[in-house]
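In what follows, a structure is listed as structure tokens, so that the remarks can point back to it.
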Amino acid sequence: MTTFQKPPGTQDLLPGTVEKWQFVEQTARDLCRRFHFREIRTPIFEATELFQRGVGETTDIVEKEMYTFEDRGHRSMTLRPEGTAGVVRSYVENKLYGEPDIAKLYYIGPMFRYERAQAGRYRQFHQFGVEAVGSDDPALDAEVIALGFQFFKEVGLTGITVEINSVGTPEIRGIFRSKLLQFLEPMRSELCKDCQSRMDRNPLRVLDCKVDQPKFEGAPSILDSLDEECANHFARVRENLDEMNIPYQVNPRMVRGLDYYTYTAFEFKAQGIGSIDTIGGGGRYNGLVAEIGGDDKPGVGLGLGIERTLLLLESQQVQPAIDTGIDVYLIALGERADREATTVLHRLRGAGISADRDYQGRKTKALFKAADRAHARFTAILGDDELDRGEIGLKNMATGEQRQVPLTELAGTVHEWKSDMKKENNDHDA
């Protein structure tokens, strides 16, 4: 018989693991609520041209990594390799620019790139991202950076560093490109094949190379090519970060891997997931909305890797506070009690109580073990005798306290006991 396995570069998120994902995602959602970002959900696939125009035809993403296919209507479609282009397309198509306030949006979802699978790098990976469109205020750049830094802090990570740079405007990058090529040309034959190729297509990306990094000592800095407007913008971003006590380092060699960035670019760095140290990044993209077909609206955003965040949590031995238990495990002893258990269970769940029971016909001893495995706070024991009296036994699994309660009062008693437990825990913590 044929057996099937998951595609290379993908993963199954199983119970026990998925709860950690939910913790990270809920942290992101709560943070966005406080920063007043609203959720947006865009299609997983879009027209290929959207990414060619938005991300840039000379980027590694477009040239080497996209999952592209022709649909039945003979249209070229691509699984989204990143989130910004789709959000900006939606911003234009749905005329969000018509709202009086800037559009502050966030997304959480899968992205797809055909990359060599390794620790922290998957072909289906997941990102949490935010996009703020409609303002060129440097304070907004700093707010987006602060949101990302706060996210890593609130999931429990330490040692996160922020690197920032200004990549100027397309005109400034053109000037810097000439200066950089003058520096690189004498050493062309000594550089790796990727660098030699990038010199012809996108020289700024040469500075990203990990192999030849020592050879770039003394390379010109793009910061020296900034005009007054870009320099002032970058200074204001730094001032705002200083006011919020967000630690950062200026890295003039950082250019990011996407063509749409202007002015501010930034990355979040951390050690602990092999050779990869970038766990997120972003920047300003003032020309992207116009490139995709809308009015020329400025924007800034970020994307953070969820898989890499989880790998770092594991590396730093951070255990999120995750509750995988249930409130009540219902044990039915006797044929009539077993039939009644269906109704009791349904009433508990309808009252907002998480509950489960056995469906395998196991013996009494095995049922109590099942309650332990389910991390049940309480065990409710219903026998035929209890059923005749209209009662049920309720046991607190933590304290061992047990009492008989009327069946009609079971849900209320469970809520009461849960409230008492919560109060005791709060008093203990205080």
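The values are calculated or read from the model by the stated rules, or taken from the named source; none is laboratory data. Only a predicted model underlies this, so the values are computations on that prediction, with no experimental measurement involved. Reconstructed Cβ throughout: ideal geometry from the backbone, glycine too, with neighbour counts over all protein chains shown. The area values use the complete protein model at the heavy-atom level, side chains included, leaving out ligands, DNA and RNA. Shrake-Rupley method; radii C 1.70, N 1.55, O 1.52, S 1.80 Å.
Rundown of residues vs (1) under 27 Å from ASP101 (Cα atoms); (2) at pLDDT below 95; (3) among the polar types (S, T, N, Q); (4) in contact with a Lys or Arg (Cβ under 6 Å, 6 or more places away or on another chain), yes/no style:
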residue	(1), (2), (3), (4)
VAL211	no, yes, no, no
GLY218	no, yes, no, no
LEU226	no, yes, no, no
ARG238	yes, no, no, no
VAL255	no, yes, no, no
PHE266	yes, no, no, no
ALA270	no, yes, no, no
GLU291	yes, yes, no, yes
GLU314	no, yes, no, no
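State all residues of the range 349-406 that are within 27 Å of SER419 (Cβ to Cβ), polar (S, T, N, Q), open to solvent by 90 Å² or more (accessible area, probe 1.4 Å) and not in a strand (DSSP E or B); if no residue qualifies, say none.
Scanning the range 349-406 gives a single hit, THR399.
Residues checked against (1) touching a helix residue (DSSP H, G or I) at 6+ places or on another chain (Cβ under 8 Å); (2) closer than 24 Å to GLY148 by Cβ; (3) modelled with pLDDT under 95:
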position: LYS6; (1), (2), (3): no, no, yes
position: GLY16; (1), (2), (3): no, no, yes
position: ILE40; (1), (2), (3): yes, yes, no
position: ARG53; (1), (2), (3): yes, no, yes
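For the range 202-215: of the residues being within 31 Å of the chain's Cα centre (by Cα) and basic (Lys, Arg), which is farthest from GLU171 (Cα to Cα)?
Filtering the range 202-215 for residues that are within 31 Å of the chain's Cα centre (by Cα) and basic (Lys, Arg), the one farthest from GLU171 (Cα to Cα) comes out as LYS210.
Yes/no per residue for (1) in contact (Cβ under 8 Å) with a residue 60 or more places away in the chain; (2) not small (Gly, Ala, Ser):
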residue	(1), (2)
SER189	no, no
ASP208	no, yes
PRO214	no, yes
GLY218	no, no
SER221	no, no
LEU226	yes, yes
ARG238	yes, yes
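Of all residues in the range 407-429, how many are open to solvent by less than 60 Å² (accessible area, probe 1.4 Å), farther than 14 Å from GLU340 by Cβ and not hydroxyl-bearing (Ser, Thr, Tyr)?
Qualifying residue count for the region: 5.
Under 8 Å between Cβ atoms, which residue pairs at least 6 apart in sequence (or on different chains) link something in the range 345-371 that is more than 16 Å from ASP327 (Cα to Cα) with a partner that is assigned to a helix (DSSP H, G or I) and of a type outside the set (Val, Ile, Thr)?
Sorted first by the residue in the range 345-371, then by its partner, the pairs are ARG362/ALA370.
Against the condition open to solvent by less than 50 Å² (accessible area, probe 1.4 Å), assigned to a loop (DSSP other than H, G, I, E, B) and under 21 Å from GLY129 (Cα atoms), how does THR27 come out, does it pass?
No, not satisfied.
Hey, could you check the range 161-196 for residues that are under 30 Å from GLN271 (Cβ atoms) and of a type in the set (A, V, I, L, M) and say which is most open to solvent (accessible area, probe 1.4 Å)?
Filtering the range 161-196 for residues that are under 30 Å from GLN271 (Cβ atoms) and of a type in the set (A, V, I, L, M), the one most open to solvent (accessible area, probe 1.4 Å) comes out as MET187.
Yes or no, residue by residue, for (1) touching a residue at least 60 places away in the same chain (Cβ under 8 Å); (2) open to solvent by 30 Å² or more (accessible area, probe 1.4 Å); (3) out of contact with any Gly (no Cβ under 6 Å at 6 or more places or on another chain):
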site: TYR67; (1), (2), (3): no, yes, yes
site: ARG72; (1), (2), (3): no, yes, yes
site: GLU99; (1), (2), (3): no, yes, yes
site: ILE102; (1), (2), (3): no, yes, no
site: TYR106; (1), (2), (3): yes, no, yes
site: GLY109; (1), (2), (3): yes, no, yes
site: GLU131; (1), (2), (3): yes, no, no
site: GLY134; (1), (2), (3): yes, yes, yes
site: GLU143; (1), (2), (3): yes, yes, yes
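Evaluate the range 133-156: report whether one residue or more is assigned to a strand (DSSP E or B), touching an Asp or Glu at 6+ places or on another chain (Cβ under 9 Å) and either under 30 Å from GLU19 (Cβ atoms) or among the aliphatic types (A, V, I, L, M) (or both).
Scanning the range 133-156, I find no residue that is assigned to a strand (DSSP E or B), touching an Asp or Glu at 6+ places or on another chain (Cβ under 9 Å) and either under 30 Å from GLU19 (Cβ atoms) or among the aliphatic types (A, V, I, L, M) (or both), so the answer is no.
Out of the residues in the range 258-280 that are buried (at least 17 other Cβ atoms within 10 Å of the Cβ) and not in a strand (DSSP E or B), which is nearest to the chain's Cα centre (by Cα)?
The qualifying residue nearest to the chain's Cα centre (by Cα) is LEU258.
Could you figure out which of (1) modelled with pLDDT of 95 or more; (2) under 17 Å from GLY294 (Cα atoms) isn't true of ALA139?
Failing condition for ALA139: (2).
Yes or no, residue by residue, for (1) under 30 Å from LYS153 (Cα atoms); (2) open to solvent by 10 Å² or more (accessible area, probe 1.4 Å):
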site: GLY282; (1), (2): yes, no
site: ARG308; (1), (2): yes, yes
site: ILE322; (1), (2): yes, yes
site: LEU333; (1), (2): no, yes
site: ASP338; (1), (2): no, yes
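Looking at the range 240-252, I want the residues that are in contact (Cβ under 8 Å) with a residue 60 or more places away in the chain and have a partner that is loosely packed, with under 11 Cβ neighbours inside 10 Å and in a strand (DSSP E or B) with Cβ atoms under 8 Å, at least 6 apart or on another chain. Which pairs are those?
That search, which allows pairs on different chains as well, returns nothing.
Among the residues of the range 224-244, how many are open to solvent by less than 50 Å² (accessible area, probe 1.4 Å) and in a helix (DSSP H, G or I)?
Within the range 224-244, residues that are open to solvent by less than 50 Å² (accessible area, probe 1.4 Å) and in a helix (DSSP H, G or I) number 9.
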